[in-house]
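The values are calculated or read from the model by the stated rules, or taken from the named source; none is laboratory data. All of these numbers come straight from a predicted model, not from anything done at the bench. Counting neighbours? That spans all protein chains shown, and the Cβs are built from the backbone with ideal geometry, glycine included.
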Amino acid sequence: MAQENAAGEATRPAENGTFDAVVIGAGFAGLYMLHRLRGLGFTAQVYEAGSGVGGTWYWNRYPGARCDVESLQYSFSFSEELDQEWNWSEKYSPQPEILAYANHIADRFDLRGQIVFDTRVTAATFNEVTDTWLIETDRGDRVTAKFCIMAVGCLSAPNRPAFQGKSDFRGPIYHTGEWPHEGVDFGGLRVGVIGTGSSAIQSIPMIAQQAVQLTVFQRTATWSVPAWNEALSAEYLKDAKAHYPALRAKARARPTGFYFPFNIQPALQASSEEREQQYEAAWRRGGLPFLGAYGDLLFDKSANDTIAEFARQKIRDIVKNPATAELLCPHNVFGCKRLCVDTNYFETYNLPHVKLVDVSKTPIERFTKDGIVVDGTEYMVDAIVSATGFAAMTGSFDKIKITGRSGRTLAEKWSGGPRAYLGLASEGFPNLFMITGPGSPSVLASMIQAIEQHVDWLADCLGHMRDVAANSIEPLRENEDAWVAHVNDVSMVSLRSTCSSWYVGANIPGRPRVFMPYIGGFPVYVQKCNEVMNSAYDGFVLKGARSNNAPPRVRFTERWHVPLDIEVISPAAVAAKRVPVV
Ligand code: FAD
Ligand code: NAP
């Protein structure tokens, strides 16, 4: 029977069930994990803080939100029927369509019945006697599960800087990662946008179309490449679908987990005229593949300087006011922070009602009731958009009290930076798994592919545990340490390790600076996961198993057995092979 809470909202009775697995999060990771668990006959429950499925695409409803990996590849690949039946309308589809796709997945695979919405998991505690997890929620649920699977997302905990005077501001403050479902009408308003990362770059041109005045507060100028987004014709889709399995296979062999033309040649081996032509052609193709213009752009600073200068010249060509253009020109490594992909971002600064305020040397001082103060000047705004990003990779872990063996919490263990074997599990926390956890390719790959590979590996692992009647699985400390060191060592060959990005936690004051995703490339990583699985989980301890050496029955991971595309072996992949992993 429905109950009511103090605010008169409908609630539900708290639950005390027992499951084989509890999954936290109903984004793409949680949905696919549930699908696999059901297929294996495991009982499972998913808890989701939001009122619907889709994760990122449920929360990030700001104007202009869309993917920046082409939709034909930013989608699940586990079902050929699904690939054939779903039609993407645009090269980079907008948020509502991606959310509709997530809902389609939930319906098509009959997943909703096992998802509990509007419920945030607050604690997970391991019981060493029963080898089970007690999972508690903000709705009073206390359920037990053998496996606790974290599908909480890498970019799901909004970063809200503690600006002084925030509560003084009279207007609304919106965070892009928690956008109102009913939308926001900025018509007739003076709007301030804080931040110039991907979320800001997508929303600024759209907000500028409505607002009477738009002030952008920029701390770090951003590299961005045009998307050249377009509608996908029926003819194009038909042709693409005819070759879909081949495209998926090519994508899996790529360091990024998605396919695009890649030129392995080093930039400085080309003449400056050749480079100019190559960059121009790549700019015309647009998007993240721009970085595929040469093979060493993220590994050799001198090579990087050439693409950086090309991109700066593009900004100067687009932006008419020379002072604004210079302010918009980044001076850090090209592509060091996540590269942005835009539609009319730089062009927006040619509009008379759009103003750029530099907060790199003089940070935002405070909010007032009427606006934002920088360097003694008050900028009057009616609404503020905080496009300030996320506590990436570990932010949603931090919000749950996760207690493992001997009463040690994950927060204590990770106080110096996250530590996980293969980004899948952490020593001291048996039967706790993470999908796209720190130390896996995750955000450096097309994330749906990274999610699928993790889920398939986990599904085979859980199936194996049942086959050999194991009570628990946990990484060995020495293997975890070696993997964490390997992740760090490999990151050093990339220029990406050199700047203050969210990849290293630098966007959140006080966070330890650790390169969190695995940069050795998706296929190298997959190979390592497969080796671990084929050796009956080398580096893990399976407690109570009938036989520790039985080779696992491979049900789902087969499709990930692909060689690295030799045309695109990157220095990071070479380093990943060279740097030893115990
Ligand atoms: P999420 O989608 O983040 O889902 C996690 C879910 O867990 C959320 O719904 C959250 O509410 C829930 N949750 C967290 N903690 C709890 C808790 N304690 N209790 C209950 N529920 C909880 N990646 C790409 O590869 N290509 C792109 O083009 C791309 N575009 C992006 C655009 C934006 C605006 C953002 C923010 C990210 C983008 N990403 C992109 C990354 C994106 O996050 C992933 O592609 C993918 O959607 C992640 O899916 P997920 O299920 O792992 O996590
Ligand atoms: P972000 O990249 O972390 O950008 C946050 C912005 O806010 C940065 O410009 C940052 O400046 C600024 N900022 C933070 N704190 C500030 C402060 N106190 N004062 C002034 N400025 C401040 O976050 P995001 O744009 O939400 O993107 C996060 C990730 O999500 C992306 O990198 C991408 O992986 C994904 N994403 C993808 C898309 C897409 O195109 N499909 C769209 C959105 C998001 P600094 O740079 O100086 O820190």
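List of remarks:
- From the list Ser198, Ser203, Ser167, the lone residue that is surrounded by fewer than 15 Cβ atoms within 10 Å (Cβ to Cβ) and either modelled with pLDDT under 95 or among the polar types (S, T, N, Q) (or both) is Ser167.
- Among the residues of region 20-43, those that are part of a strand (DSSP E or B) and buried (at least 22 other Cβ atoms within 10 Å of the Cβ) comprise Ala21, Val22, Val23, Ile24.
A quick yes/no check of all residues on (1) within 16 Å of ligand 2 (Cβ to nearest atom); (2) aliphatic (A, V, I, L, M):
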| residue | (1), (2) |
| --- | --- |
| Gly371 | yes, no |
| Gly376 | no, no |
| Ala383 | no, yes |
| Thr388 | yes, no |
| Ala392 | yes, yes |
| Asp398 | no, no |
| Thr409 | no, no |
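- The condition (being farther than 30 Å from Leu424 by Cβ, assigned to a helix (DSSP H, G or I) and touching a residue at least 24 places away in the same chain (Cβ under 8 Å)) is satisfied by just one residue among Ser203, Ser167: Ser203.
- Residue match in region 323-338 (condition: β-branched (Val, Ile, Thr) and within 18 Å of Trp228 (Cα to Cα)): no
- Total residues in region 77-96 satisfying the condition of being surrounded by fewer than 19 Cβ atoms within 10 Å (Cβ to Cβ), out of contact with any strand residue (DSSP E or B) (no Cβ under 7 Å at 6 or more places or on another chain) and part of a loop (DSSP other than H, G, I, E, B): the figure is 3.
- Per the listing Glu474, Glu452, Glu427, the residue uniquely in a loop (DSSP other than H, G, I, E, B), in contact with a Phe, Trp or Tyr (Cβ under 9 Å, 6 or more places away or on another chain) and not hydroxyl-bearing (Ser, Thr, Tyr) is Glu427.
- Checked against (1) away from ligand 1 (no atom under 16 Å from the Cβ); (2) part of a loop (DSSP other than H, G, I, E, B), His181 passes all but condition (1).
- Among residues of region 410-439, those that are within 19 Å of Ala157 (Cα to Cα) and among the polar types (S, T, N, Q), counted: 2
- Filter pass, Ala49 being closer than 25 Å to Thr144 by Cα, surrounded by 21 or more Cβ atoms within 10 Å (Cβ to Cβ) and near ligand 1 (Cβ under 8 Å from one of its atoms): yes
- Of the residues making up region 198-209, at least one is away from ligand 1 (no atom under 16 Å from the Cβ) and hydrophobic (A, V, I, L, M, F, W, C).
- Glu15 vs. criteria among the acidic types (Asp, Glu), crowded, with 19+ Cβ neighbours inside 10 Å and closer than 15 Å to Gln114 by Cα: no
- Candidate set from region 439-471 (those that are at pLDDT 95 or above and among the acidic types (Asp, Glu)); member that is surrounded by the most Cβ atoms within 10 Å (Cβ to Cβ): Glu452
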